1. Round to the nearest 0.05 the FRET efficiency obtained for B:LEU219 and A:GLU181 when R0 = 35 Å and r is the Cβ-Cβ distance.
2. Enter the Cα centre distance for the pair the range B:5-30 and the range B:199-226, rounded to the nearest angstrom.
3. Need one number: nm distance between label points at A:ALA119 and A:GLU58, each 7 Å from Cα along Cα→Cβ, rounded to one decimal.
4. Between B:ARG89 and A:ARG31, what is the label-to-label distance in nm when each label sits 7 Å out along the Cα-to-Cβ direction?
5. So which of A:LYS2/A:LYS173; A:LYS18/A:LYS226; A:LYS226/B:LYS2 end up more than 27 Å apart by C-alpha?
6. Under the definition of Cα pairs under 8 Å and six or more residues apart, what whole-number percent is the relative contact order of chain B?
7. Using label points projected 7 Å from each Cα along Cα→Cβ, tell me how many nm separate B:ALA80 and B:ARG149, to one decimal.
8. Treating only the Cβ of Lys, Arg, Asp and Glu as charged (+1, +1, -1, -1), what charge dipole size does the range A:2-215 show about its Cα centre? Round to the nearest 20 debye.
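A short reminder: the numbers here are calculations on the coordinates, not readings from a lab. Worth saying up front: this structure is predicted, and the values here are computed from it rather than measured. Because the Cβ atoms are built from the backbone with ideal geometry, glycine has one as well, and the counts that use them run over all protein chains shown.
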Protein chains: 2
Amino acid sequence: MKFGVLGTGVVGRTLSEKLAALGHDVTMGTRNVEAALARTEPDRFGGPPLGEWLAAQEAVQLGTFEQAAAAGDVIINAVAGTASLDALRAAGAENLSGKVLVDISNPLGFTPGEPMTLAVCNDDSLAEQIQRAFPEARVVKTLNTVTARLMVEPGLVPGEHSVFVSGDDTDAKAQVVRLLEDEFGWNSVIDLGDLTTARSAEMFLPLWLNLMMVQGTPLFNVQIVK
Amino acid sequence: MKFGVLGTGVVGRTLSEKLAALGHDVTMGTRNVEAALARTEPDRFGGPPLGEWLAAQEAVQLGTFEQAAAAGDVIINAVAGTASLDALRAAGAENLSGKVLVDISNPLGFTPGEPMTLAVCNDDSLAEQIQRAFPEARVVKTLNTVTARLMVEPGLVPGEHSVFVSGDDTDAKAQVVRLLEDEFGWNSVIDLGDLTTARSAEMFLPLWLNLMMVQGTPLFNVQIVK
């Protein structure tokens, strides 16, 4: 399958590498290819500069947001939450129309010295904003509740633990569930319901961040027990 | 120990019954004692009218919010979230001063036909509103992430699963942790940090509600796995 992965940060890289390793065609999208490749400093998570990382990824192509979206049959939004709508506009509505758009971003807002807040929450969500802006895309929210490495390798945390999916398009959601289960190896995918339920998955992030602080690692997840 | 439990709904009743069974003195508080006892219809969760329920609880007293707060060394806010500040004002700042105030309420707002929202969230929480309104109370947020029966009987869900505590007063928080562990039987109490972390516990509620819908029962909880 052909994937267009928007965003070249740790989430975009982790997903692209995994999808390529699984044999898929992957095009990563960034705003400005030349500028992105010209960077020589480590990225903000301490990873190698994009060009260096990309040189080791034979099966991953780099293009603009527009080129990546045009190349993909499935589009993954791995851009920072507050930059997502801009990136998707650059990708172009015509390149998203009719396609499954997997939104794994969180609308995190940071103010130095203040607890993290969400740029949208409660009566709306980033996923719904994206769906309203691109009504012909088939938006599915998922994977935003776990750290990047765990998204594509859930076995890094032993036992059963869950990710969630939200979306209005049943077929698109089923396709994403197959990707999560059959390709990434998730053993518990919980369908929360329509896209309004993405609010609850996004509003989990403050608790996730506090739990990460308490536990000293992002490599954890929640199991639902009953 | 002497407990003042504000609120006579399912949460207030469940906690009062458990605390009395553990040998504590419990005074439940309500706005208007006569009106509360005059009701003959089942409560809104299908439980018996308050007078009938109370007749079976030899060790639980009923009083006004003010009487309950005055009688308790530890105060528990089990009033509906959006009514909590009013109830605490009726209880009286002088009856809360210096006391541990356990806030287990959620600021849920319901609009018919719309997904549930929170009346306060993101850059503030009900717990912080209460702390600001009653600066001499020692507010600890906890238990708001599980259903009432599970609060006092965590073994209803097998295995290890967690509740959270948030608060600015370390001694008050330690006292509440002892209550949770030694008296209610919790085996995993996670200290999220200061009272601003109550935001994250309150913002978990939308996900909790969606999970309750999906699973068809409120008798579940989250386990943190790593």
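1. Details: r = 26 Å, r/R0 = 0.75.
E(calc), rounded to 0.05, equals 0.85.
2. Value for the Cα centre distance between the two parts: 24 Å.
3. Here the modelled spin labels are 3.8 nm apart.
4. 4.7 nm
5. Numbers: A:LYS2/A:LYS173 17 Å; A:LYS18/A:LYS226 33 Å; A:LYS226/B:LYS2 32 Å.
Table pairs above 27 Å Cα-Cα are A:LYS18/A:LYS226; A:LYS226/B:LYS2.
6. Values: 450 pairs, mean separation 38.7, N = 226.
Result for chain B is 17 percent.
7. 2.3 nm
8. Values: 15 positive and 28 negative charges, 58 e Å.
For the range A:2-215, the charge dipole is close to 280 debye.
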